[in-house]
1. Residues of the range B:224-246 being touching a strand residue (DSSP E or B) at 6+ places or on another chain (Cβ under 9 Å) and part of a loop (DSSP other than H, G, I, E, B), which ones?
2. Regarding the range B:230-252, can at least one residue be identified that is within 14 Å of another protein chain (Cβ to nearest Cβ), surrounded by 18 or more Cβ atoms within 10 Å (Cβ to Cβ) and at pLDDT 90 or above?
3. Within the range B:162-211, count every residue that is without any contact (Cβ under 8 Å) to a residue 24 or more places away in the chain, of a type in the set (D, E, K, R) and within 14 Å of chain A (Cβ to nearest Cβ).
4. If you go through the range B:117-126 one residue at a time, do you hit one that is among the acidic types (Asp, Glu), surrounded by fewer than 16 Cβ atoms within 10 Å (Cβ to Cβ) and more than 14 Å from chain A (Cβ to nearest Cβ)?
5. Identify, from the list B:Lys82, B:Lys95, the residue that is under 26 Å from B:Gly189 (Cα atoms) and free of Cβ contacts under 8 Å to residues at least 24 places away in the same chain.
6. Taking the options A:Phe30, A:Phe10, name whichever one is within 42 Å of the chain's Cα centre (by Cα) and within 14 Å of chain B (Cβ to nearest Cβ).
7. Would you check which residues across the range B:102-116 are charged (D, E, K, R) and part of a strand (DSSP E or B) and list them?
8. List the pairs whose first member sits in the range A:1-20 and is acidic (Asp, Glu), whose second member is in a loop (DSSP other than H, G, I, E, B) and surrounded by 11 or more Cβ atoms within 10 Å (Cβ to Cβ), and whose Cβ atoms are under 6 Å apart, counting only residues at least 6 apart or on separate chains?
Amino acid sequence: LVAQLPEPTFRLPREKPPPKPRPPTRWEQFARLKGIRRKKKTSLVWDEQAKEWRRRWGYRRAGGDPSRAWLAEVPAGADPEEDQFARLRREKRERVARNELNRLRNLARAHRAGSAVPAAPLHPTGHQDRDELRRVARVARVSTASLGRFQPRLPKESAEPPSRSGGKKRRFEPLLGNLAAERSRQLELLRDMGSKKPVLDITRAVNKQLRQEEAEAAAANKGKKQSKRGKRGRRQQRPGRSSKKSGARRPKPQQPKTAGGGSGGGRRKK
Amino acid sequence: LIYCYRKPKTKRAKRFLEKREPKLNENTKNAMLIKGGNANLTVTEVLKDIYAVKKPFAVLYKRKNITRPFEDQTSLEFFSKKSDCSLFLFGSHNKKRPNNLIIGRMFDYHVLDMIELGVEKFVALKDIKNSKCPEGTKPMLIFAGDMFDVNEEYRRLKSLLIDFFRGPTVPNIRLAGLEYVLHFTAADGKIYMRSYKVLLKKSGCKIPRIELEEMGPSLDLVMRRTHLASDDLYKLSLKQPKGLKPKKKKNISHDVFGTTYGRIHMQKQDLSKLQTRKMKGLKKRPAEKSAQDGGAAPKKSKSA
């Protein structure tokens, strides 16, 4: 006596995340493009010499064991002194190595597609492939003052792709957009200009700076090896710190730039 | 990632790896029962009994492992990866937390939820002298007490306990094989776990009379610390792949009451030529048929 259980309604967490479909290999992409479909091959092939069905490859294959081939013809335009057997062996080794290399490349591509490496190294390592180099070249082209607009392209590089910002370096809000927001912004600006208290609290900023320097000194004393990181850390922390210094956090684009610039300039002079 | 570029050389190794990789329909979750550095007799007995209940989907580790799950989870994750277990039960004992059991589960070999329970009273399997049900029986789980619905921690505990004791998921079940009941009650701050064996006695009608006989381990638990997963991680672990949704069959729809409706698409019918019932008198005579067919050879009418 068997009862059929209804569908489970209580959701329980999975053991492992659901499997991700692996990205197609280079050959699979090409085949899809060309419309090549897989031909179903029979597992057994008729061997005329042995007069029986033998497998296509593997143990006792049709056509005999290639390693025991006792005859190797010298091809038309080859060197008569060359050892044909050695050539066949070498070519087999090369084919196997190339297959293995392609398999590893496909694996690496699939793995990279899954993890999406964020920052490509910008120094040439010699182990970068075409896509990475293309990315790096794009970064290099775009790191000019005009964002790569007037940069001559490399000989084999493709034409200019559509840029995300539409070619503009600064983006402005529309002229007659949110009138209430514009009004509040202008009033806030006037208020800050007219107020007696400065936007930047000098004492707080100085205290923060002192504390930071003390912490860095302590870290530097802890490990001499970490001194380099401290210097780099201090250099990286600068823009972060200046944004914290500006007193009121303003969401509009113009304000933090001037405030940050002003405070940064002020601090630097001190 | 050695497992990526080293292909398995034997079929057995390939099967082993295929069993462990993420799949659409997953395997039954395995549990690992671990003893801490200072496990005492009670806790060891609890682990042995739970192992007996969860066989063959559990691994009982014989040796003591000196770890603290709440502080450092790397050792647990390493064990989980090596033995492919996603549930664990860790038993320990010290003065501050006597008879401690940490029940938890993993997602992708990382700790998802962990709840620490203290065992106040424990009656072992061998202390209750009556017949037990065979190992590997799928238990029925009953949760009593509104704490299991109201309190967030208790809700997670309920989900954890279901996960732990569920066993394999089956579409059909043999009614005579429903022998084991695990009953969890949440009352005044404690959780009582009792196990019963179901006896089907003869009754007048077709449905047998059910009697519950206490068998199996009974525990009185108290919730101590918890380490629950964040909401988004929990939601991520609940996510089911699209392939698991039942494929929608076209032209079939279901009613609220359970009635199944189907649609048939017909060609246009000439209703004037429609014939509903076979009536011998209306059967076409050979002469009429030949007139319709336009000179085709008339069939010989069958003699009754």
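The values are calculated or read from the model by the stated rules, or taken from the named source; none is laboratory data. The model shown is predicted, which means the values in this text are computed figures rather than measured ones. We place every Cβ from the backbone using ideal geometry, glycine too, and count neighbours over all the protein chains shown.
1. B:Leu228, B:Ala229
2. yes
3. Result for the range B:162-211: 2.
4. Yes, the range B:117-126 contains a residue that is among the acidic types (Asp, Glu), surrounded by fewer than 16 Cβ atoms within 10 Å (Cβ to Cβ) and more than 14 Å from chain A (Cβ to nearest Cβ).
5. Details: B:Lys82 fails: under 26 Å from B:Gly189 (Cα atoms).
Selected residue: B:Lys95, the only one of B:Lys82, B:Lys95 that is under 26 Å from B:Gly189 (Cα atoms) and free of Cβ contacts under 8 Å to residues at least 24 places away in the same chain.
6. A:Phe10
7. B:Arg105, B:Asp113, B:Glu116 - these are the residues of the range B:102-116 that are charged (D, E, K, R) and part of a strand (DSSP E or B).
8. Pairs that qualify, where the first residue is acidic (Asp, Glu) and the partner is in a loop (DSSP other than H, G, I, E, B) and surrounded by 11 or more Cβ atoms within 10 Å (Cβ to Cβ), are A:Glu15/B:Glu26; A:Glu15/B:Lys29; A:Glu15/B:Ser86.
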